[in-house]
Amino acid sequence: MDFKDVRFIPALNGHDHCLGTVQEVCVEIYHDLAISSICQVFSAPWAAVNFLVLQPAYQPHANKLKIKDHPPAPQLMSRLQSQPPESAEEARSLFSLLAGRVQGS
């Protein structure tokens, strides 16, 4: 059975717990910072731009769950088209994040 479209991954959508698919959820990993609290997760870049992120308790298992470190480029572009930034500050943050994603591919 193919589970790529099944919502079974424990995720956070803002402050709300939810389930997402392997393709919807990304990991908020800082190689120099251990995420140990919900507060730190919400300050993370992908959560800040409304992507589902893996719940902190499951972060150590991200590789086993095949969760990516960041959303795929098509998902980023789709999000940008469907939910464009509402302010110059939001646009600066989002495009800075996207620029880092393109360089870090």
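The values are calculated or read from the model by the stated rules, or taken from the named source; none is laboratory data. The structure displayed is predicted, hence computed values, not measured ones. Quick reminder, even Gly has a Cβ in these numbers, built from the backbone with ideal geometry, and neighbours come from all protein chains shown.
Starting from region 54-81, keep only residues that are within 16 Å of Asn13 (Cα to Cα), then list their pairs with residues that are loosely packed, with under 13 Cβ neighbours inside 10 Å and polar (S, T, N, Q) whose Cβ atoms are within a distance under 8 Å, requiring at least 6 positions of separation or different chains.
Every condition considered, the pairs that remain are Pro56/Ser36; Pro56/Ser37; Arg79/Asn50.
For region 14-25, indicate whether the set of residues that are outside any loop (DSSP other than H, G, I, E, B), modelled with pLDDT under 85 and more than 20 Å from Ala73 (Cα to Cα) is non-empty.
Within region 14-25, none of the residues are outside any loop (DSSP other than H, G, I, E, B), modelled with pLDDT under 85 and more than 20 Å from Ala73 (Cα to Cα).
Where in region 54-105 are the helices (runs of 4 or more DSSP H), entirely inside, with at least 3 residues that are surrounded by 12 or more Cβ atoms within 10 Å (Cβ to Cβ), touching a helix residue (DSSP H, G or I) at 6+ places or on another chain (Cβ under 7 Å) and modelled with pLDDT under 85?
88-103
Is it the case that Leu33 is of a type in the set (A, V, I, L, M), surrounded by fewer than 17 Cβ atoms within 10 Å (Cβ to Cβ) and either farther than 20 Å from Ala99 by Cα or modelled with pLDDT under 85 (or both)?
Yes; evaluated as a whole, the condition is true for this residue.
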